[in-house]
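The values are calculated or read from the model by the stated rules, or taken from the named source; none is laboratory data. These numbers come from a predicted model, not from an experiment. Note that each Cβ is placed from the backbone with ideal geometry, even for glycine, and that neighbours are counted across all protein chains shown. Keep in mind that these areas ignore ligands, DNA and RNA; they rest on the heavy atoms of the full protein, side chains included. Shrake-Rupley method; radii C 1.70, N 1.55, O 1.52, S 1.80 Å.
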Amino acid sequence: MKFKSRLKVLLCLLVTSVACFLPAQAQQPVSINGFGSVRLGKLLPSKDNPQLVEFYNDDGLSFADDTLFGLQLQTESSADLSYTLQLLGKALEDYDPDVSLAFVRYQLAPDHQLKFGRLAVPLFAQSDIQYVGYSHDYSRLPKALYYRFDFEVADGVAFEGQQIFQDFSLKYVLQLTEFSGNVFKRQGSGGIPIKLHQMNNLRLELAYQQLQLFAGGVRADTDADQLNAQLLAPLLPQLQASTASLAAQQQFMAALNFNKDAAYTFWGLRWQYQAWRLEAERSRYGISDSADVINTAEYLALSYRFDRVIVTLHQEKQTENPENVQWLTQVTAPELRQIGINLSRSLNNTSYRMQVLSLRYDLQPGIALKADIFNGKHQLANVGRFKGFSLGVDFVF
């Protein structure tokens, strides 16, 4: 059995044992909640499929891309101490249960708490609930931002709190975490392993009446030896065949090296006025001064509620400019610059924009029917325009 599978089993057994033990000894109930989405969809490309992560990459109708089930167990050993475990199974992964959250919470004061364990990293406004489809009005949260990164969860400690200033409310989350997982999923085989050490994570949310403003970011030290081995090492034959000096070749490889600081920032707003709601988010992320360019993602959404029906129109955009790389300023040899640009173009080629019209119908408490149609355009000439639709149901229990 693989180590990861063993870890899942051990965590499940540990939390199950705690859940079974506590009611008998401390007379505290175990809270069990669940959520899920079952959705059928299809993408209709005019040329090639854009191959976005978990977004109808196969021909024909698909149930797998947006279908998932989750289960959360929570129990308290005292008024100040509780334990939480969340399991998530995706249809794309044959419903193999993944320990998406597993932490201990200690209540320091009514408005402040500590968490230890596997935590949701604050990458977006709705990081904590992005897989709970019932909690939002979209068929799927805007794909450009909510890209389902592996580093959306990490292991560590968090301090969370809230302060009230007259009509203002300020919420904050500070985390120190470690991550080991995959990135560059578009490179195939589920991505390439990477480690992020000493992740410093921050999220702030300021609320005033119907307006919410939020911002945050992540900074980490990158251990990317696998990225260097799989993406940069194949360049060596081209370098050796060039006329550039050995010193220039070494400088070139150092400029592209992925073992540098990684950064992720986001900001946005949410405004509610009677039946209207406006939402917007923007993020920028990448590995500084490396072959990875800075990615920009954003969306703007407007929705209106008609009793049980909510109509949402949003536009989303993801931008990667392979020509905009900082290491180019360090490389003067024309041959080496061209080799680097070719690599950057192959790694950073997912610029697109998409318009989505979503419809939500609240069938009954805990169940919402959803449908959407979308239309987009990719920067790659072999992809071009694409469109599609989805139908499904989101639920909680």
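What tally of residues in the stretch 33-69 results from selecting those that are assigned to a strand (DSSP E or B), among the aliphatic types (A, V, I, L, M) and open to solvent by less than 30 Å² (accessible area, probe 1.4 Å)?
Filtering the stretch 33-69 down to residues assigned to a strand (DSSP E or B) leaves 33-45, 62, 68-69.
If we keep only those that are among the aliphatic types (A, V, I, L, M) too, we end up with 38, 40, 43-44, 68.
From the residues that got through so far, the ones that are open to solvent by less than 30 Å² (accessible area, probe 1.4 Å) too are 43, 68.
Number of matching residues: 2.
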Of everything in the stretch 260-271, what is open to solvent by 60 Å² or more (accessible area, probe 1.4 Å) and more than 18 Å from Tyr146 (Cα to Cα)? Give them in sequence order.
Asp261, Trp271
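Determine whether Arg140 is surrounded by 17 or more Cβ atoms within 10 Å (Cβ to Cβ) and more than 24 Å from Ala280 (Cβ to Cβ). Walk me through how you get there before you give the answer.
Working: surrounded by 17 or more Cβ atoms within 10 Å (Cβ to Cβ): yes; more than 24 Å from Ala280 (Cβ to Cβ): no.
No.
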Name, by its number, the condition in (1) in a strand (DSSP E or B); (2) within 19 Å of the chain's Cα centre (by Cα); (3) surrounded by fewer than 20 Cβ atoms within 10 Å (Cβ to Cβ) that does not hold for Gln72.
(2)
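Would you check if Leu196 is modelled with pLDDT of 95 or more and closer than 24 Å to His314 by Cα?
Working: modelled with pLDDT of 95 or more: yes; closer than 24 Å to His314 by Cα: no.
In short, no.
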Would you pick out the residues in the stretch 85-116 that are in contact with a Gly (Cβ under 8 Å, 6 or more places away or on another chain), not hydrophobic (A, V, I, L, M, F, W, C) and not in a loop (DSSP other than H, G, I, E, B)?
Gln86, Gly89, Asp98, Ser100, His112, Gln113
Going through the stretch 82-108 one residue at a time, which ones are touching a residue at least 40 places away in the same chain (Cβ under 8 Å) and over 25 Å from Val218 (Cβ atoms)?
Tyr83, Pro97
In the stretch 123-137, which residue that is of a type outside the set (A, V, I, L, M, F, W, C), open to solvent by 20 Å² or more (accessible area, probe 1.4 Å) and part of a loop (DSSP other than H, G, I, E, B) is farthest from Asn349 (Cα to Cα)?
Asp137
Taking the conditions exactly as written (open to solvent by 50 Å² or more (accessible area, probe 1.4 Å), more than 27 Å from Gly133 (Cβ to Cβ) and of a type outside the set (Ser, Thr, Tyr)), does Gln355 satisfy them or not?
no
With respect to Tyr264, is the statement that it is at pLDDT 95 or above and either of a type outside the set (Asp, Glu) or assigned to a helix (DSSP H, G or I) (or both) true?
yes
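When only residues in the stretch 366-397 that are more than 17 Å from Tyr138 (Cα to Cα) and not in a strand (DSSP E or B) count, which is most open to solvent (accessible area, probe 1.4 Å)? Outline the logic, then answer.
The first filter runs over the stretch 366-397 and keeps only residues more than 17 Å from Tyr138 (Cα to Cα), leaving 377-386, 397.
Those still in the list that are not in a strand (DSSP E or B) too: 379-384, 397.
Working: Gln379: 91, Leu380: 54, Ala381: 80, Asn382: 75, Val383: 4, Gly384: 14, Phe397: 134 Å².
Here the answer is Phe397.
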Take the residues in the stretch 16-32 that are open to solvent by less than 70 Å² (accessible area, probe 1.4 Å) and modelled with pLDDT of 85 or more, then tell me which one is nearest to Phe184 (Cα to Cα).
Ser31
